[in-house]
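Nothing in this text is a laboratory measurement; each read-out follows from the coordinates by a stated rule. All values reported here derive from a predicted model rather than from experimental measurement. Here the Cβ positions follow ideal geometry from the backbone for every residue, glycine too, while neighbour counts run over all protein chains shown.
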Amino acid sequence: MNVTMHFDGYVERIIDEAVKRGVVKTKAEALRLGVLQLNEKYHLVSQNLSEDEEDLNLAIKIEERIKAGKEKVYPESKLKTLLR
């Protein structure tokens, strides 16, 4: 689905700040994340998701946990040391 939208004021500031802080990479991603969170909160549509959508949702949750400091990310060299 393609949609053209215009936001201003408070909503625009939130979206711009999410991109600026690196929470999301694009404004479209911010809106997509917002819609997913809306469904998660209000259970609007059952989650019979495709594998790709499930993977994307998991990746978003992991990214949120990393940013919140609840998950660690290691460079490859450090990971090899840890796995020995």
In whole angstrom, how long is each semi-axis of the equivalent ellipsoid of segment 1-47, when you take the square root of 5 times every eigenvalue of its Cα gyration tensor and sort them from largest down? 20, 13, 11
Among 18, 34, 3, whose Cα lies farthest out toward the positive end of the dipole of the chain, if unit charges sit on the beta carbon of Lys, Arg (+1) and Asp, Glu (-1)? 18
In terms of the ratio Rg/(2.2 N^0.38 Å) built on C-alpha atoms, what value belongs to the chain? 1.38
